[in-house]
Amino acid sequence: MLATTLSRRATAGINANVLRSLSTWSAVPAGPPDPILGVTEAFKADQDPRKINLGVGAYRDGNGKPYVLPSVKKAEELVSASKPDKEYLPITGLAEFTKRAALLAYGADSAPLKDGAISITQSISGTGALRIGGEFLARHYPHSKAIYLPAPTWGNHIPIFADSGLEVRSYRYFDKKTVGLDFEGLKADLRAAPEQAIVLLHACAHNPTGVDPTQAQWAEISDIVKERKLFPFFDMAYQGFASGDTTRDAFALRHFVSEGHQVALAQSFAKNMGLYGERVGAFSLVTADPAEKARVDSQLKIVIRPMYSNPPVHGALIANTILGDKALYTQWEGEVKGMADRIISMREKLYNTLTHDLKTPGEWGHIKSQIGMFSFTGLTPDHTKILAQKAHVYMTSNGRISMAGLNDSNIEYFAESVDAAVKGNL
């Protein structure tokens with residue numbers, strides 16, 4: 001009996017191995033783990049009550065909790081009270097929403113907007129907008145298939161554009177020595193780029209560094225882009241969330257348009273409205289005139305239709321309600337400023353604690369000069385590793401932290417842990 005059982009088990013094991021070797025997917029290799037998701041998984045597994053997760057790219061309130069904006073709650077109530085149906089949206093989305101999204105981005109004084117020359121479609125947040133743009137440029141931009149991305153850039157930019165069929169290249173952006181903008185390197189690389197290549201520009205709150213050009217530097221970049229006949233593609237994921245002012249955060253985009261550039265733009269409402277899971281965004285292109293816009297519209301539909309057919313409706317209704325109601329819009333602007341101001345206050349406190357209270361070695365002025373959700377701290381991979389192991393503080397290995405993960409309850413512990421890591425005392 002025992003021999004029979006063992007024989008069956010051995011046969012079953014052999015059969016399982018044979019089945020695995022015959023599987024259609026047996027040659028599929030395991031993909032590399034996502035670095036940010038890996039940080040979150042390690043954080044969740046940690047049982048220490050002092051643990052801090054600074055890897056997640058989502059806003060947290062002063063208690064470290066997810067934050068649903070009161071204006072969003074009110075808008076959702078209004079949407080619910082209107083008893084909307086669940087019909088499909090058109091391929092390019094909710095027309096009222098995209099009209100208002102364009103107004104938010106380009107501004108009421110925008111000549112192309114006034115002329116009816118901006119082609120726009122709703123997208124599945126900023127990621128979807130970038131992918132639509134990449135696909136459209138790969139098919140229809142006649143001059144180049146090369147797109148230049150800042151180094152570093154948001155990690156998803158590279159596969160988005162590579163999978164769209166564009167050739168991904170880079171230009172210098174971040175100076176590790178100064179923990180600031182490598183403006184001379186940036187200018188040199190854009191001047192060296194082939195004429196009419198595509199260049200991706202973070203409109204504000206550069207991810208992952210938090211380092212933005214000044215308005216004067218943006219004007220110089222615009223001049224170089226014009227001189228080299230480059231095509232500017234703006235990624236604007238943080239309008240209002242960076243400085244607390246939607247107009248200020250749109251400066252680069254609006255300046256380029258006022259200078260006559262035909263731009264592409266990816267917008268996201270994940271950060272500035274907290275609509276992370278609703279996936280609300282827009283992609284737009286500045287065209288020459290309404291007739292050209294109509295042709296571009298038709299081709300955007302051809303790109304989108306086999307990709308996901310049409311976008312989700314609920315989040316678009318929420319965003320549209322906020323953008324279209326004067327009182328709600330004013331309330332939302334105040335809430336966005338509140339989020340931005342909290343992050344700015346955390347920057348001030350972290351800088352003061354490291355510099356004045358703890359006298360941590362190094363220069364920490366970049367903590368204050370950087371803007372938006374993220375900060376490149378200048379911490380090394382060795383620092384980040386020991387911070388996770390000994391202090392239960394989690395961040396990506398390049399030293400990027402989400403400032404939104406800091407609050408009055410944990411910032412002193414974080415600063416003390418960084419100080420100990422830098423001094424080699426952790």
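For this structure, a couple of remarks:
- To put it simply, the accessible area of region 168-236 at a 1.4 Å probe is 47 percent carbon and sulfur.
- Highest GNM mean-square fluctuation among LEU104, LEU285, LEU253, for the chain modelled with Cα contacts below 10 Å: LEU104.
- Theoretical FRET efficiency, 1/(1+(r/R0)^6), r = Cβ-Cβ of ASP382 and GLU167, R0 25 Å, to 0.05: 0.15
- Using C-alpha pairs below 8 Å separated by at least 6 residues, the relative contact order for the chain is 24 percent.
- For region 314-400, the list of GluC sites (Glu not before Pro) that fall in a loop by DSSP and count at most 13 other C-beta atoms within 10 angstrom reads GLU363.
- Accessible-area composition of region 324-426, carbon plus sulfur, in percent [1.4 Å probe]: 51 percent
- Accessible surface of region 21-80, 1.4 Å probe: 59 percent of it comes from carbon and sulfur atoms.
- Fluctuation leader among ALA316, ALA388, ALA264 - the chain, Gaussian network, Cα springs under 10 angstrom: ALA388
- Rolling a 1.4 Å probe over the protein heavy atoms gives the chain an accessible area of 47 Å² per residue.
- Region 249-350: mean projected area of Cα convex hull, nm²: 9.0 nm²
- Region 57-103: trypsin sites (Lys or Arg not before Pro) falling in loop per DSSP and having at most 11 other Cβ within 10 Å: LYS86
- Each of PHE251, PHE231 has its accessible area taken with a 1.4 Å probe; listed largest first, they run PHE251, PHE231.
- Peptides 155-162, 323-330 ordered by average Cβ neighbours within 10 Å, highest first: 155-162, 323-330
- Its relative contact order, with pairs defined as Cα atoms under 8 Å and 6+ residues apart, puts region 280-422 at 20 percent.
- Placing a label point 7 Å from the Cα of ASP175 along the Cα-to-Cβ line, the residues of region 204-222 whose backbone N sits under 20 Å from it are 205-222.
- Comparing PHE269, PRO312, GLY324 along the charge dipole axis of region 244-361, the residue lying farthest to the positive side is PRO312, per the Cβ-charge model.
- Rounded to the nearest 20, the Cβ-based charge dipole of the chain about its Cα centre (Lys and Arg +1, Asp and Glu -1) stands at 1060 debye.
- Placing a pseudo-label 7 Å from each Cα along the Cα-to-Cβ vector at GLU87 and LYS65 gives an inter-label distance of 3.9 nm.
- Straight Cα distances below 13 angstrom link LYS301 to the aspartates and glutamates GLU135, with same-chain residues fewer than 8 positions distant left out.
- Pairwise label distance in nanometres, TYR308 with LYS368, each label 7 Å out on the Cα-Cβ vector: 4.1 nm
- A DSSP coil position with no more than 14 other Cβ atoms inside 10 Å describes the following GluC sites (Glu not before Pro) in region 77-158: GLU87.
The values are calculated or read from the model by the stated rules, or taken from the named source; none is laboratory data. Just so it is clear, the structure is predicted and the values come from calculations on it, not from any experiment. Backbone-built Cβ (ideal geometry, glycine too); neighbour counts: all protein chains shown. Surface areas here come from the heavy atoms of the whole protein model, side chains and all, with no ligands, DNA or RNA. Shrake-Rupley method; radii C 1.70, N 1.55, O 1.52, S 1.80 Å.
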